[in-house]
Amino acid sequence: ARVQLQCADIRTAALPCHCDLIVTLFSLDCFTDEDAARVVARLGDCAAPHAQWLFADFAVPARGLARWHAQVIVRALYTFFRWRTGIDARTLPNSDAHIQRAGFRACERRFFRHGLVTSVVYARSS
């Protein structure tokens, strides 16, 4: 009874207030950086003072062979999804900075597939 599922455009949908948990799994990468910033700000405005945010998405490591590998994979994914869905995004948005700007701090961060995938638990900063 406490969970609401909606199928709507997150950029324009009416959002519930005082959410305890926000989950964005492989979704913010579908937006340009500017749109992702607006989406994150909207979601942050709906968060309760004690809210947590679970984020997972693709990432590009800072250096090394893993960086080159991730760049190839991410470029291929964007090429495919732009062709199949018509998304405007061409690169990963700076989701971490946007979520922190919305008042959250990273509590735990994990990397998978040699840094290609990241998962972060954020908590509302007091």
For Rg/Rh (Cα atoms, Kirkwood Rh), one of [x] 0.96; [y] 1.06; [z] 0.98 was computed from the structure I shared and the rest are decoys. Which label? [z]
Scoring the chain by relative contact order with C-alpha pairs under 8 Å, at least six apart, yields a percentage of 30
Theoretical FRET efficiency, 1/(1+(r/R0)^6), r = Cβ-Cβ of V23 and T91, R0 30 Å, to 0.05: 0.85
Around G115: net Lys/Arg minus Asp/Glu count, Cβ-Cβ under 13 Å: +4
Roughly speaking, what is the centre-to-centre gap between region 1-22 and region 57-126 when only Cα atoms are used, to the nearest Å? 22
What order, most packed first, do the peptides 26-38, 66-78 have when packing is the mean number of other Cβ atoms within 10 Å of each residue? 26-38, 66-78
In Å², what does the accessible area per residue of the chain work out to with a 1.4 Å probe? 66
With all protein chains present, the chain has a carbon and sulfur share of its accessible area (1.4 Å probe) in percent of 57
I'd like the orientation of helix 33-45 relative to the chain: the angle between its Cα long axis and the longest Cα principal axis, in ° from 0 to 90, rounded to 10. 20
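The values are calculated or read from the model by the stated rules, or taken from the named source; none is laboratory data. Please read all numbers here as calculations on a predicted model, not as lab measurements. Don't worry about glycine lacking a Cβ; one is built from the backbone with ideal geometry, like all the others, and counts go over all protein chains shown. What goes into the accessible areas is simple: the full protein's heavy atoms, side chains included, and nothing from ligands, DNA or RNA. Shrake-Rupley method; radii C 1.70, N 1.55, O 1.52, S 1.80 Å.
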